[in-house]
Amino acid sequence: MNWKEHHYYYQIPEIGNACSMITCKIVTEKDYMRSKRVIHIHEGWSKSLWGEFETIGKKEIKAFLTLTRKKIKFIEQLDCYSYKTNENENTEDKDSSKHSEPEDLDATKSANALESHGLKQPSTKKPYRTIIGAVIGDVIGSVFEWNNVKTTNFDLFNPKCDFTDDTVLTIAVADCILNKKDFAETIWKYGRGYPGRGYGGFFRSWLQVNENDLKPYGSFGNGSAMRVSAVGFAFNDIETVLKVAKQSAEVTHNHPEGIKGAQATAAAIFLARRGKSKQEIKNYITETFNYNLDFTLDEIRPTYQFNETCQGSVPQAIVAFLESTDFENAIRLAISIGGDSDTIACITGGIASAYYKHIPQEIVDFVEDRLPPEFIEIIDKFDEQYGRE
Ligand SMILES: [Mg+2]
């Protein structure tokens with residue numbers, strides 16, 4: 001069997017603007033075998049790759065979107081899988097070896113067909129990944145918060161990994177920015193919508209308050225820093241980044257250290273994404289927030305303990321980024337000092353994704369497999385809107 005890769009574009013009006021175009025990708029045989037559950041849905045519409053999409057209905061699209069949720073990359077581009085069967089072949093037969101080679105439709109044909117629909121070829125330039133960096137830190141770190149490891153040498157892909165409060169509230173803040181929602185109300189709603197994800201005691205009490213009576217409680221916990229990454233990616237000048245970071249923090253964490261932790265994290269992300277060097281980032285953070293970053297992880301690793309304050313974990317997370325060589329290494333370093341591992345790795349991960357702009361797909365897939373579809377939707381929309389320079 002000779003599987004080839006093609007790209008097609010097709011309008012799927014039922015999905016609306018967000019997913020109005022689809023990229024159809026004929027995958028390798030290995031990918032096909034791995035993704036059989038996805039292929040299965042497509043078995044009815046495989047005769048002509050181009051035309052068959054016309055025959056699928058809303059239900060199929062929904063099923064496809066649900067199953068392949070992690071594959072939805074951005075607004076006009078989806079990865080999906082399809083293949084061609086012989087016309088008189090029994091389509092109930094699941095034996096993949098009987099499927100023939102896909103019809104070779106070329107890019108010109110695809111582009112012409114698009115034009116005949118009055119559509120333009122969507123940009124194939126992908127945005128870089130943004131807040132998923134913070135989410136990855138949380139998910140990978142989730143199994144180490146109460147089982148610290150003091151080494152970078154651990155299994156990244158622990159089956160028990162799951163998203164925690166850091167992810168939920170990172171998504172909440174991203175939702176606020178994307179959809180111009182109120183910080184207090186939205187953070188409160190997400191916290192209540194995803195209970196039992198490891199929220200601090202004061203935050204849990206705050207979640208019990210009436211929606212119309214939400215007041216900050218003077219916290220300087222690292223909750224303000226763990227949820228702020230979207231702010232660092234969304235705005236184009238440092239003044240706005242600092243202002244919005246403060247706003248996102250002070251609905252709960254209105255202590256000066258709580259605000260500072262959020263601002264320092266968002267500022268580091270902003271500077272990293274703008275291509276500033278590590279030394280420049282370090283200087284800015286030291287001078288602006290008076291954090292001492294003149295230590296190494298090797299020095300603190302033996303004695304560093306659980307500390308969920310901003311001032312006791314944000315500088316450590318920033319140093320983990322400063323010492324790192326790539327995204328994965330940053331996550332490993334952040335977890336290697338122990339302490340509040342998921343939150344430290346979440347803060348480090350946000351900065352590292354802004355700086356390196358490359359996250360191994362294997363890590364993204366592992367983490368996205370553990371997220372609710374509505375989180376992935378926000379992550380992808382956020383990338384689409386803000387992951388471009
Ligand atoms: Mg957590």
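The values are calculated or read from the model by the stated rules, or taken from the named source; none is laboratory data. The structure presented is a predicted model; accordingly, all values stated were derived computationally and were not measured. All Cβ positions, even for glycine, are placed from backbone atoms using ideal geometry, and neighbour counts span all protein chains on display.
Things worth noting here:
- Qualifying position, being touching a helix residue (DSSP H, G or I) at 6+ places or on another chain (Cβ under 6 Å), under 26 Å from Ile187 (Cα atoms) and of a type in the set (A, V, I, L, M), among Ile337, Ile351: Ile351
- Lone qualifier among Ile285, Ile331 - being assigned by TED's automatic domain parsing to the domain that holds Lys243, closer than 23 Å to Phe157 by Cα and at pLDDT 95 or above: Ile331
- Qualifying residue in the stretch 175-184 (condition: free of Cβ contacts under 8 Å to residues at least 24 places away in the same chain and part of a helix (DSSP H, G or I)): yes
- Scanning the stretch 187-203 for residues that are surrounded by fewer than 19 Cβ atoms within 10 Å (Cβ to Cβ) and assigned to a helix (DSSP H, G or I) returns Lys189, Arg192, Gly193, Gly201, Phe202.
- Arg388 fulfils the conditions (1) part of a loop (DSSP other than H, G, I, E, B); (2) over 23 Å from Leu271 (Cβ atoms) except for a single criterion, (2).
- Screening the stretch 219-305 for helices (runs of 4 or more DSSP H) wholly inside it with 3 or more residues that are without any contact (Cβ under 8 Å) to a residue 12 or more places away in the chain and farther than 19 Å from Glu185 by Cα returns the ranges 278-289.
- Yes/no for Ala172 being within 15 Å of the ligand (Cβ to nearest atom) and of a type in the set (A, V, I, L, M): yes
- Residues that are within 16 Å of the ligand (Cβ to nearest atom) and free of Cβ contacts under 8 Å to residues at least 40 places away in the same chain within the stretch 313-353 comprise just one, Gln316.
- Of all residues making up the stretch 138-168, the number that are surrounded by fewer than 15 Cβ atoms within 10 Å (Cβ to Cβ), closer than 21 Å to Asp369 by Cα and within 11 Å of the ligand (Cβ to nearest atom): 0
- For Phe163, the requirement of being modelled with pLDDT of 95 or more and within 26 Å of Asn329 (Cβ to Cβ) is met.
- Flag if Phe366 is surrounded by fewer than 22 Cβ atoms within 10 Å (Cβ to Cβ) and among the hydrophobic types (A, V, I, L, M, F, W, C): yes
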